[in-house]
Amino acid sequence: SQKKQILNYLKTHKRGLTPLDAWTKFHCYRLGARIHDLRSDGHDIRTDLEDNLNGEGRHARYFLMGE
């Protein structure tokens, strides 16, 4: 499932996961919903907000903590 793929990615990639990464790697358009599901399962996931490269807007980058 996408949830398992995202969790495995977060466990092995310390640079985190952005919505664009999730779309290109897992065809997951609703990364925020999957992160919510993982948090509900008890996983400690941090959210950092970053400026977009074009200087307009921001996006989230998610990191798995303590695993």
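The values are calculated or read from the model by the stated rules, or taken from the named source; none is laboratory data. Predicted model, so just to flag it, every value in this text is computed and none were measured. All Cβ positions, glycine included, derive from the backbone under ideal geometry; neighbour counts span all protein chains shown. Surface areas here come from the heavy atoms of the whole protein model, side chains and all, with no ligands, DNA or RNA. Shrake-Rupley method; radii C 1.70, N 1.55, O 1.52, S 1.80 Å.
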Checklist entry - With respect to HIS43, is the statement that it is outside any helix (DSSP H, G or I), touching a Pro at 6+ places or on another chain (Cβ under 8 Å) and of a type outside the set (S, T, N, Q) true? => result no
Next on the checklist: Every residue in the range 21-37 that is surrounded by 16 or more Cβ atoms within 10 Å (Cβ to Cβ) and assigned to a loop (DSSP other than H, G, I, E, B), please.
Outcome noted: CYS28
Checklist entry - Of (1) modelled with pLDDT of 95 or more; (2) in a helix (DSSP H, G or I); (3) among the aliphatic types (A, V, I, L, M), ALA60 satisfies all except one. Which? => result (2)
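Matching residues to (1) of a type outside the set (Phe, Trp, Tyr); (2) free of Cβ contacts under 8 Å to residues at least 24 places away in the same chain; (3) open to solvent by 70 Å² or more (accessible area, probe 1.4 Å):
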position: GLN2; (1), (2), (3): yes, no, no
position: LYS11; (1), (2), (3): yes, no, yes
position: PRO19; (1), (2), (3): yes, no, no
position: ARG39; (1), (2), (3): yes, yes, yes
position: GLY42; (1), (2), (3): yes, yes, no
position: ARG61; (1), (2), (3): yes, no, no
position: MET65; (1), (2), (3): yes, yes, no
